[in-house]
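**Student:** Please find one structure pasted underneath; my questions will follow.
The values are calculated or read from the model by the stated rules, or taken from the named source; none is laboratory data. Since this is a predicted model, take the numbers as computed values, not measurements. Cβ: placed from backbone, ideal geometry, glycine included. Neighbour counts: every protein chain shown.
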Amino acid sequence: MVGLDIREKDNNMTKRVLLFLAFLAVVFASCRSTRTIQKAIVTRDTTIVADTPDTITKLREDSLKFIKESYQQLLSNRINFTTFSAKMDVDYQGSDGKNTM
């Protein structure tokens, strides 16, 4: 009986040590210092677009086409409705014969 108690204590102690080590591993992994950026990567567009009247016209036509399509889509989703707003003054006579406002 005494031997079982010692084994249980050893087993509990082993579990506690493993749990503590796992906790320390999580703490150390989450508390590391931030990395510094060694160099900034600058990407450059090497394509050169010549601003000829033909390309400007095509770009303008493309923009106008996009605007018109967007506007038509907006109009197709339109909900027609009519609103009414008014103020009323109501006088009525209750069952007891008194006028109430």
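**Student:** With Lys68, Lys39 as the choices, which residue is modelled with pLDDT of 85 or more and out of contact with any Leu (no Cβ under 6 Å at 6 or more places or on another chain)?
**Tutor:** Details: Lys39 fails: modelled with pLDDT of 85 or more.
The unique qualifying residue is Lys68.
**Student:** Which of the numbered conditions does Pro53 fail, given that it passes all the others? Conditions: (1) modelled with pLDDT under 85; (2) within 34 Å of the chain's Cα centre (by Cα).
**Tutor:** (2)
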